[in-house]
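Reviewing the structure listed below.
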Amino acid sequence: MASHLLIIPFSSTPVESIAPTVSRLQNSFTSLRTHPLAYREEQLRKLYWGIKDNEHRLIQALKADLGKPYFEAMIAEIDSVGAEILYVLKNLRKWAADDKVDLPFLHRLVLSPRIRKEPMGTVLVIGAFNYPALVVLVPLIGAIAAGNTAVVKPSEQAPNSAAIITRIVEGALDPEAYAVVNGGIPESTELLNQKFDKICYTGNAAIGRIVATAAAKHLTPVLLELGGLNPLLRKGLPGGKFTTWDKPAFALTMSSYTPLSKPNLSAHSYKP
């Protein structure tokens, strides 16, 4: 990992400000501020252009924090986030539309039932250091699209990236609906003391257990993406060719700090 040469000032969020921030976002959700589809689309577009406007800074931050080269920063993080926003914007109104319920004809005729998609509330997104932009911005996109308010907690182990993410979110999005909290254990602990309606966490299993335990106190549903080595079963290809998942370029992405990376590379030999 690269040394943390700060290219932009980074500071932790005052612990005493966290509870009022969460309360403000919860009040905004209760007021239905984030519910209209037009509002969600506007926020997604602003986030897209906020990322574009800070693209060069984010590339520099990823290089300073993690040593990520330009190509990897663009493909694995920035372009992936941009593509996610465009895909969501293209499909949001279709996804948000009511679904018909398959019932007997008489029931449908009398009741006309529908499944309506309702926003959940206030979402907490806690990111990881290996993909500091991707793993916080993609869940944030989903939270915005679903009509929720959200708090983003970038990894303090990538301080430059966290500072740029703060700049993007605070500069592009509605401050009454979306906020960033920076810091380490004290700030994360205070966040987990608050009642959220959904928590998304990316990181290791040990912290995942802490997050799940804190969420259970409030019966808050959690989405956990926990790191670790994953087994891979594959059938060899003629000529000893690599499959996509075997290619060294993929296995070494982010110096193998990728959950889909394999601990080793293998190749088959074939007789003519």
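Against the list (1) in contact (Cβ under 8 Å) with a residue 60 or more places away in the chain; (2) small (Gly, Ala, Ser); (3) in a helix (DSSP H, G or I), the condition Ala179 fails is (3).
Candidates are the residues of region 81-95 that are out of contact with any Phe, Trp or Tyr (no Cβ under 9 Å at 6 or more places or on another chain), touching a residue at least 12 places away in the same chain (Cβ under 8 Å) and surrounded by fewer than 16 Cβ atoms within 10 Å (Cβ to Cβ); the one that is nearest to Pro139 (Cα to Cα) is Trp95. Remark: pairs (first residue in region 97-117, touching a residue at least 12 places away in the same chain (Cβ under 8 Å) and hydrophobic (A, V, I, L, M, F, W, C); second residue part of a helix (DSSP H, G or I) and surrounded by 10 or more Cβ atoms within 10 Å (Cβ to Cβ); Cβ separation under 9 Å; 6+ apart in sequence or on different chains) = Val101/His107; Val101/Arg108; Val101/Leu111.
The rows are residues; the columns are (1) part of a loop (DSSP other than H, G, I, E, B); (2) without any contact (Cβ under 8 Å) to a residue 60 or more places away in the chain.
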| site | (1), (2) |
| --- | --- |
| Ser161 | no, no |
| Ile164 | no, no |
| Glu170 | no, yes |
| Pro175 | yes, yes |
| Thr189 | no, yes |
| Ile199 | no, no |
| Ile207 | no, yes |
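Return the residue satisfying two criteria in turn: it lies in region 18-35 and is among the hydrophobic types (A, V, I, L, M, F, W, C), farther than 12 Å from Asp174 by Cβ and in contact (Cβ under 8 Å) with a residue 24 or more places away in the chain, and of such residues it is surrounded by the fewest Cβ atoms within 10 Å (Cβ to Cβ). The residue in question is Ala19. Please indicate, with yes or no, whether at least one residue in region 178-200 is touching a Leu at 6+ places or on another chain (Cβ under 7 Å) and within 20 Å of Leu62 (Cβ to Cβ). No: region 178-200 contains no residue that is touching a Leu at 6+ places or on another chain (Cβ under 7 Å) and within 20 Å of Leu62 (Cβ to Cβ).
Residue-by-condition table, conditions (1) within 13 Å of the chain's Cα centre (by Cα); (2) at pLDDT 95 or above; (3) surrounded by 15 or more Cβ atoms within 10 Å (Cβ to Cβ):
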{"residue": "Pro113", "(1), (2), (3)": "no, no, no"}
{"residue": "Ile126", "(1), (2), (3)": "yes, yes, yes"}
{"residue": "Ala146", "(1), (2), (3)": "no, yes, yes"}
{"residue": "Ala163", "(1), (2), (3)": "no, yes, yes"}
{"residue": "Thr166", "(1), (2), (3)": "no, yes, yes"}
{"residue": "Ala172", "(1), (2), (3)": "no, yes, yes"}
{"residue": "Leu191", "(1), (2), (3)": "no, yes, yes"}
{"residue": "Tyr201", "(1), (2), (3)": "yes, yes, yes"}
{"residue": "Thr213", "(1), (2), (3)": "no, yes, no"}
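The values are calculated or read from the model by the stated rules, or taken from the named source; none is laboratory data. This one's a predicted model, so the numbers in the text were calculated from it and none came from an experiment. Methodologically, a virtual Cβ is constructed for each residue, glycine included, from the backbone with ideal geometry; neighbour enumeration extends over all protein chains shown.
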